[in-house]
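Everything below concerns the one structure shown next.
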Amino acid sequence: MRREYLRHFVSSVLGGVLFQTAIAPRIRISGAKPDAIGAVAVALGLLMGPLAGASGGFLGGLCADLVNSRFIGLYAFTRALMGLAGGLATGKVFKENLLMTGAIGFFATMAVELAGGLIVSWNGVGFDVVAFLNVAGIAALCSLVLTPVVFYMIWRAKVRVDSSQSQVIVE
Amino acid sequence: MHGSHRGRRLLAAALVVLVVLVVISKTAHVRLSITPVEGLLSELAGRWQSVVAWAGKPFVKISQEIARLRTMRDENLMMRDTVLKTPWLEADLQEALKENQRLRDLLRFAETLKYVYIPAEVIGRNPDNWLNTAVINKGLADGVSMNDPVVTSLGLVGRVIKVTRKTATVMLMLDPDSGVGGLVQRSRDAGVVVGVAGGQTVSMKLFPRDPDVKAGDVIVTSGLGSFFPKGLPIGKVVSVSKGEYGLVKVADIQPFVNFDRLEEVLVLKPYEPVTEDF
């Protein structure tokens, strides 16, 4: 990752954490919360590569875990997977298509919600598959909308950095 | 050369995954103490969450007012219809209101004898969709301690599982790790009320071989466990079915508390009477 992008990386992750810990739980839809950190991780992965996506998801998720979660590392791990998925998809899809970005957010959320559910279940916690699929589906639908918005915001910031860099080179 | 570099990266990634999975397993259940990092971050997040909760209040109020107006309109139409059909209901209503007032006074009296309340505001919820916890703006400094029961005016919410100086984390009744001793109010049959991951309702596994329970029955706390006092309303039975392996009956319960709109709660402290030495 280029040094100029570091500021945007940090502010995106921090923004995701603040949203996820304080605002997202207030807009629960049928028990599911929008996943801002996951959306940030996918967007970072698509724009800056798998390492940035995975580390952004991991750091953001870890902060959220430490703030208010019982399974420390679970949210971090699953969101790192989302960032990694975004990063791996970057060369294979036309990421500028916001619908495609939303679709990646949708499938990544669905996959990691189920992966997280399995880890929770593996640790001896009761797991209602039908109820859980319902929640995972709604969370994935939220990501379908949220990921393109977050992607667009980070992309705009990145474009601004790139254009200011090229101006410096021309001068 | 390139191959060994790739192998090393894969090994590092596998190691990280392994460490994370071990940490998840180690922290999977309710712990008696929290790490200093968790404490510090919870305190910082608590402040931020308080600000957001305060700023979001007008919006929440507006949405609640709209919902209440809708409910009131529907209720109004329904009640008008009912009152027109049966005028004697007014007398019954007056009776019920008076009875209600008397029972309220009695309840208030009983409550003041038994418990001390710490009013608190919900300032945050867990970030994930697997578990169900809430953060309140009262902590050790306000007298909140581990395992204190938390209620609203509608019924049981859960119990405190983590406390910092200014905040506390409450494990909601919906949480898959939560277990509450319950009682069918009508038949007095006992059981344990548990939550499930991803679920919005709770279920009660009944102890008796042939329990007397049916849809519409009210479930209250049994007071048999060590955390919750007896008689706190939990919810209403929606359906009854045979549990796994058909050994016990399981009742699906709709909690009285709306966990999506949890705002103000009360932390219950056991009343300790002042004893005088003679």
Can you compute the charge dipole magnitude of the range B:179-257 about its Cα centre, using +1 on each Lys and Arg Cβ and -1 on each Asp and Glu Cβ, nothing else charged? Give it in debye, rounded to the nearest 20. 120
Can you list, largest first and rounded to whole Å, the semi-axes you get for the range B:179-257 by taking the square root of 5 times each eigenvalue of its Cα gyration tensor? 17, 14, 12
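With an 8 Å cut-off on Cα pairs and a minimum separation of 6 or more residues, tell me the relative contact order of the range A:3-160 in percent.
Numbers: 275 pairs, mean separation 42.8, N = 158.
Here the relative contact order equals 27 percent.
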Shielding of B:249-258 by partner chains, average beta-carbon count, 10 Å: 0
In terms of the charge dipole of chain A, which places +1 on Lys and Arg and -1 on Asp and Glu at the beta carbon, the residue among A:Cys142, A:Ala111, A:Gly56 farthest towards the positive end is A:Gly56
Treating only Lys and Arg (+1) and Asp and Glu (-1) as charged, each at its beta carbon, one finds that the protein assembly as shown has a dipole about its Cα centre, in Debye to the nearest 20, of 1100
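With the convex hull built on the Cα atoms of the range B:141-202, state its orientation-averaged projected area in nm². Mind showing how you got there, number by number?
Numbers: hull surface 20.6 nm².
In nm², the orientation-averaged hull projection of the range B:141-202 is 5.2.
In whole percent, what relative contact order does the range B:179-257 give with Cα contacts below 8 Å and a gap of six or more residues?
On the way: 195 pairs, mean separation 23.4, N = 79.
That works out to 30 percent.
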How crowded by other chains is A:153-160, given as the mean number of beta carbons from other chains within 10 Å of each beta carbon? 0
With each run of n ≥ 4 DSSP H residues scored as -39500 (n - 2.57), what mean residue ellipticity at 222 nm is computed for chain A after dividing by its residue count and rounding to the nearest 500 deg cm²/dmol? -26000 deg cm²/dmol
State which entries of B:Lys166/B:Lys269; B:Lys166/B:Lys236; A:Lys33/B:Lys214; B:Lys98/B:Lys269; A:Lys33/A:Lys158; B:Lys57/B:Lys269 exceed 26 angstrom in Cα-Cα distance in the structure shown. B:Lys166/B:Lys236; A:Lys33/B:Lys214; B:Lys98/B:Lys269; A:Lys33/A:Lys158; B:Lys57/B:Lys269
Roughly how crowded by other chains is peptide B:117-127, in terms of the mean Cβ count from those chains within 10 Å of each of its Cβ atoms? 5
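Taking neighbour Cβ counts within 10 Å as the exposure measure, how do B:Thr152, B:Thr201 sort from fewest upward? Show your work: numbers first, answer last.
Values: B:Thr152 19, B:Thr201 16.
Least to most surrounded, the residues fall as B:Thr201, B:Thr152.
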If you rank A:Arg156, B:Arg165 by fewest surrounding Cβ atoms within 10 Å, what's the result? A:Arg156, B:Arg165
Jot down the radius of gyration and Dmax of the range A:78-152, Cα atoms only, both in angstrom. 13.4, 42
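Quick one: which of B:173-181, B:43-51, B:74-82, B:121-129 comes out on top by average Cβ neighbours within 10 Å, and what's the full order, highest first? Numbers along the way, then the final one.
Numbers: B:173-181: 22.8, B:43-51: 18.1, B:74-82: 10.4, B:121-129: 25.4.
Packing order, densest peptide first, comes out as B:121-129, B:173-181, B:43-51, B:74-82.
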Ratio of Rg to Rh over the protein assembly as shown (Cα coordinates, Kirkwood Rh, two decimals): 1.04
So, in Å, what gap is there between the alpha-carbon centers of the range A:130-147 and the range A:1-61? 17
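Mind pulling the per residue volume of the convex hull built on the Cα atoms of the range A:3-160? Å³ is fine. The partial results should precede the final answer.
Numbers: hull volume 15.8 nm³, N = 158.
Hull volume over Cα atoms, normalised by residue count, gives 100 Å³.
By counting other Cβ atoms within 10 Å of each Cβ, how are B:His5, A:His8 ranked from fewest to most?
On the way: B:His5 9, A:His8 21.
Starting with the residue having the fewest Cβ neighbours, the order is B:His5, A:His8.
Each reported figure results from applying straightforward, stated rules to the coordinates on display, with no laboratory input. Given the structure is predicted, the values throughout are model-derived calculations rather than measurements. Every residue, glycine as well, gets a Cβ built from its backbone with ideal geometry; the counts of neighbours run over all protein chains shown.
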